[in-house]
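Enquirer: This is the structure, below, for whatever I ask next.
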Amino acid sequence: AYNLAKRGGKVLLLEKDRLASKSSGAAAGMLGAQSEMDGDGPLFQLARKSRAMFPKIAEEIKENSGIDIGLINKGMLKVALTEQEQQEYKRIMAIQNQSGEQADWFTGEELRRKEPALSDAIKGAMYIEKDGQVEADQLTLGFLKSAAASGVVIKEYVEVYDFQLSKGKVEGVVTNQGIF
């Protein structure tokens, strides 16, 4: 909604419940382009591009809404507890390194030298420097506040029942509060 309005669109956002009350407000906020992917397909490429956009998004949302989305880009460790996980993560690292992403391997001993309280069960970990996180609820609220400031009309507790179609195009929606 925010980006459509930013590009000049007239936008109406209908939410069945309270804003950010479902998955967008409960998400972990991981920017895990590499930690969540195991190949070099289209989804991985999309995730990489999305992750790269977040520094600018964080600044833009802060400027438009005053909300800090809590962007942290200090990297992630994907921990291996078994020999099988070690092999799998190293395979994934090779694919990601070939695609131009950085991923490094730390042995369990190397990790425990950095953090002595780590379990001896940890065999090693894939370190992904560029993955990070945001505060998902703040990201959602920041986008919503920025959208409203950009002219988006936002209505909560509006349940959509059906679409009104004309010549194969959506012309409106039928809701519990009437037709929009």
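Enquirer: Looking only at region 19-52, which residues are farther than 26 Å from LEU144 by Cβ, outside any helix (DSSP H, G or I) and of a type in the set (S, T, N, Q)?
Expert: Selection gives GLN34, SER35.
Enquirer: Would you please list the contacts, defined by Cβ atoms under 7 Å and residues six or more apart or on different chains, that run from a residue in region 12-24 that is farther than 18 Å from GLU135 by Cβ to a residue that is polar (S, T, N, Q)?
Expert: Final answer for the pair search is LEU14/THR175.
Enquirer: Ok, one more. With the structure loaded, tell me whether LYS56 is modelled with pLDDT of 95 or more, part of a loop (DSSP other than H, G, I, E, B) and open to solvent by 100 Å² or more (accessible area, probe 1.4 Å) or whether it fails that test. Spell out the reasoning first.
Expert: Values: modelled with pLDDT of 95 or more: yes; part of a loop (DSSP other than H, G, I, E, B): no; open to solvent by 100 Å² or more (accessible area, probe 1.4 Å): yes.
Judged against the criteria, LYS56 is not a match.
Enquirer: Scan region 2-21 for residues that are aliphatic (A, V, I, L, M) and within 24 Å of VAL174 (Cβ to Cβ) and jot them down. Quick ask: steps written out before the conclusion?
Expert: To start, the set of residues in region 2-21 that are aliphatic (A, V, I, L, M) comprises 4-5, 11-14, 19-20.
Matches in region 2-21: LEU4, ALA5, VAL11, LEU12, LEU13, LEU14, LEU19.
Enquirer: Quick one: in region 96-143, of everything that is hydrophobic (A, V, I, L, M, F, W, C) and without any contact (Cβ under 8 Å) to a residue 12 or more places away in the chain, which residue is surrounded by the most Cβ atoms within 10 Å (Cβ to Cβ)? Show your work before the answer.
Expert: Start the filter on region 96-143 by keeping residues that are hydrophobic (A, V, I, L, M, F, W, C), which leaves 103, 105-106, 111, 117-118, 121-122, 125-126, 128, 134, 136, 139, 141, 143.
Checking the rest, the ones that are also without any contact (Cβ under 8 Å) to a residue 12 or more places away in the chain come to 117-118.
Details: ALA117: 5, LEU118: 15.
For region 96-143, the residue satisfying everything is LEU118.
A quick yes/no check of all residues on (1) of a type in the set (S, T, N, Q); (2) under 22 Å from the mean Cα position of the chain (by Cα):
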site	(1), (2)
ILE92	no, yes
TRP105	no, no
LEU111	no, no
GLU115	no, no
LEU118	no, no
MET126	no, yes
GLU135	no, yes
SER146	yes, yes
LYS155	no, no
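Enquirer: Quickly run through region 110-126 and pick out the residues that are part of a helix (DSSP H, G or I) and in contact with a strand residue (DSSP E or B) (Cβ under 9 Å, 6 or more places away or on another chain).
Expert: Of all residues in region 110-126, those part of a helix (DSSP H, G or I) come to 110-114.
The answer is GLU110, LEU111, LYS114.
Enquirer: Consider only pairs whose beta carbons are under 6 Å apart and that are at least six residues apart or on different chains; among these, list those whose first residue lies in region 157-180 and is more than 22 Å from LEU19 (Cα to Cα) and in contact (Cβ under 8 Å) with a residue 40 or more places away in the chain and whose second residue is surrounded by 11 or more Cβ atoms within 10 Å (Cβ to Cβ) and of a type in the set (Gly, Ala, Ser).
Expert: Listed by first residue and then by second, the contacts come to nothing, as the list is empty.
Enquirer: Suppose we keep only residues that are buried (at least 17 other Cβ atoms within 10 Å of the Cβ) and touching a Leu at 6+ places or on another chain (Cβ under 9 Å) within region 59-75. Which one would you say is nearest to MET126 (Cα to Cα)?
Expert: LEU71
Enquirer: What are the residues in region 22-32 that are at pLDDT 90 or above and open to solvent by less than 60 Å² (accessible area, probe 1.4 Å), if any? Quick ask: steps written out before the conclusion?
Expert: First pass over region 22-32, keeping only residues at pLDDT 90 or above: 29-32.
Within region 22-32, GLY29, LEU31, GLY32 qualify.
The values are calculated or read from the model by the stated rules, or taken from the named source; none is laboratory data. Treat the numbers as computed from the prediction; the structure is a model and nothing was measured. Counting neighbours? That spans all protein chains shown, and the Cβs are built from the backbone with ideal geometry, glycine included. Note: accessible area is taken over every heavy atom of the protein model, side chains too, but ligands, DNA and RNA are not part of it. Shrake-Rupley method; radii C 1.70, N 1.55, O 1.52, S 1.80 Å.
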